[in-house]
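Just below is one structure, and these are the notes that go with it.
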Amino acid sequence: MLRIAVQSKGRLYDETMELIAQAGIKFPAVKRTLLVPSRNFPVEILYLRDDDIPDSVATGTADVGIVGLNEVLEKRQRVKVLHELGFSRCRLSLAIPRDVDYTGVRWFNGKKIATSYPVILKDFLNRNGITADIHVINGSVEIAPGIGLSDGIFDIVSSGGTLVSNNLVEVEKIIDSQAVLIGGTGQLPEDKQAVLDELIFRFKAVKAADSKKYLLMNVPRTKLKEVVALLPGMKSPTVLPLADADWCSVHTVIEESQFWDIITRLKETGAEGILVLDIMKMVP
Ligand code: PRT
Ligand code: ZN
């Protein structure tokens, strides 16, 4: 049984559980305990605070964990990133009051910076030869400059809305983060490793399908070449005959982002009955 440490509640929880569900791994509907075995796959979930996940993996309490890269880098535990999961994307940045005249990273010399990520910040300051006073606070870091607690902050930024509403501007991005699957540095027993390989294979198939759509349409045979030229496709589109010999059915996979651009041009070229379907999994 492979034990996966997962955030018990918070920003990572929903997307983590959705990914696990899309990978076909089922759990009892209600979570009554902190350790919950799957109904149909040899894994169990250990629900923890995200701060405790790197340590739980490093010490072997859990075999793998799903957590933000920011926590992995801050906690400095003996773990390795096995797979990037692509959700909960954010960045860790330095920000200062909007009305301050920023002169570059040396501005922070001798200043006071509030953060919940002292390890990552200290590392950045050292690399840049800057001495600053790091003030550690957990939560509501963004209000520190406004109440005179610090000159700047080092915190997670996603949309940037929190900075704007606190009259702050982002001046230096230090790291990009996203949810990652982490494992220990040692070797897993063979049976657990096999389960882990299968898990990563499934996560990859879910992620590959995420941004893609399955597209099918009817095309007059005379326009087939023109339509095919418009399709980016995985390899080349599938073309099937229809009962009416003058028409055929064309199937392909497109990036969701290309959707509107392509649909308009396909219609102009003569495609009809265009269907766009979600793809559940994609195995390359
Ligand atoms: O209780 P527990 O300790 O488990 O959870 P937590 O409160 O420590 O963490 P949680 O659930 O808030 O976040 C978990 C992880 O989500 C983080 O470690 C990041 O990897 C990731 N993540 C992604 C974010 C954000 N986006 C995010 N926007 N974590 C926090 N924020 C906060 C940020 O602190 C700031 O206050 O949102 C604000 C900024 O957001 P914008 O959109 O206004 O820029
Ligand atoms: Zn936390």
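Of 197, 191, 155, which residue is within 25 Å of residue 16 (Cα to Cα), within 16 Å of ligand 2 (Cβ to nearest atom) and either outside any strand (DSSP E or B) or of a type outside the set (Phe, Trp, Tyr) (or both)? Even if it seems obvious, please write down each step before you answer.
Working: 197 fails: within 16 Å of ligand 2 (Cβ to nearest atom); 191 fails: within 16 Å of ligand 2 (Cβ to nearest atom).
Among 197, 191, 155, only 155 is within 25 Å of residue 16 (Cα to Cα), within 16 Å of ligand 2 (Cβ to nearest atom) and either outside any strand (DSSP E or B) or of a type outside the set (Phe, Trp, Tyr) (or both).
How do the pairs read when you match residues in the stretch 201-225 that are over 30 Å from residue 180 (Cα atoms) with residues anywhere that are assigned to a helix (DSSP H, G or I), using Cβ under 6 Å and keeping only pairs 6 or more apart or on different chains?
Qualifying pairs under 6 Å: 219/227; 223/269.
If only one of 146, 86 is in a loop (DSSP other than H, G, I, E, B) and either under 30 Å from residue 211 (Cβ atoms) or charged (D, E, K, R) (or both), which one is it? Before you say what the answer is, go through the steps one by one.
Numbers: 146 fails: either under 30 Å from residue 211 (Cβ atoms) or charged (D, E, K, R) (or both).
Answer to the selection: 86.
Among 81, 119, 100, which is assigned to a loop (DSSP other than H, G, I, E, B), modelled with pLDDT of 95 or more, aliphatic (A, V, I, L, M) and open to solvent by 30 Å² or more (accessible area, probe 1.4 Å)?
Values: 81 fails: assigned to a loop (DSSP other than H, G, I, E, B); 119 fails: assigned to a loop (DSSP other than H, G, I, E, B).
Being assigned to a loop (DSSP other than H, G, I, E, B), modelled with pLDDT of 95 or more, aliphatic (A, V, I, L, M) and open to solvent by 30 Å² or more (accessible area, probe 1.4 Å) holds for just one of 81, 119, 100, which is 100.
Within the set of pairs 6 or more residues apart or between chains, which connect a residue that is under 18 Å from residue 73 (Cα atoms) inside the stretch 110-131 to a residue that is surrounded by fewer than 16 Cβ atoms within 10 Å (Cβ to Cβ) and at pLDDT below 95 with Cβ atoms less than 6 Å apart?
116/138
Run down 6, 72 and say which single residue is within 13 Å of ligand 1 (Cβ to nearest atom), within 30 Å of residue 116 (Cα to Cα), touching a strand residue (DSSP E or B) at 6+ places or on another chain (Cβ under 8 Å) and part of a helix (DSSP H, G or I).
Numbers: 6 fails: part of a helix (DSSP H, G or I).
The match here is 72.
Give the number of residues within the stretch 262-284 that are surrounded by 11 or more Cβ atoms within 10 Å (Cβ to Cβ) and under 20 Å from the mean Cα position of the chain (by Cα).
4
In the stretch 16-54, what residues are in a helix (DSSP H, G or I), within 16 Å of ligand 2 (Cβ to nearest atom) and open to solvent by 60 Å² or more (accessible area, probe 1.4 Å)? Give the derivation first.
As a first pass, look at the stretch 16-54 and keep what is in a helix (DSSP H, G or I): 16-22, 50-54.
Retained after the next criterion (residues that are within 16 Å of ligand 2 (Cβ to nearest atom)): 16, 50-54.
Across the stretch 16-54, the qualifying residue is only 52.
The values are calculated or read from the model by the stated rules, or taken from the named source; none is laboratory data. This is a predicted model, so every value here is computed, not measured. A quick note on method: Cβ atoms are made from the backbone with ideal geometry, for glycine too, and the neighbour counts reach across all protein chains shown. Note: areas computed on protein heavy atoms with side chains; ligands, DNA, RNA excluded. Shrake-Rupley method; radii C 1.70, N 1.55, O 1.52, S 1.80 Å.
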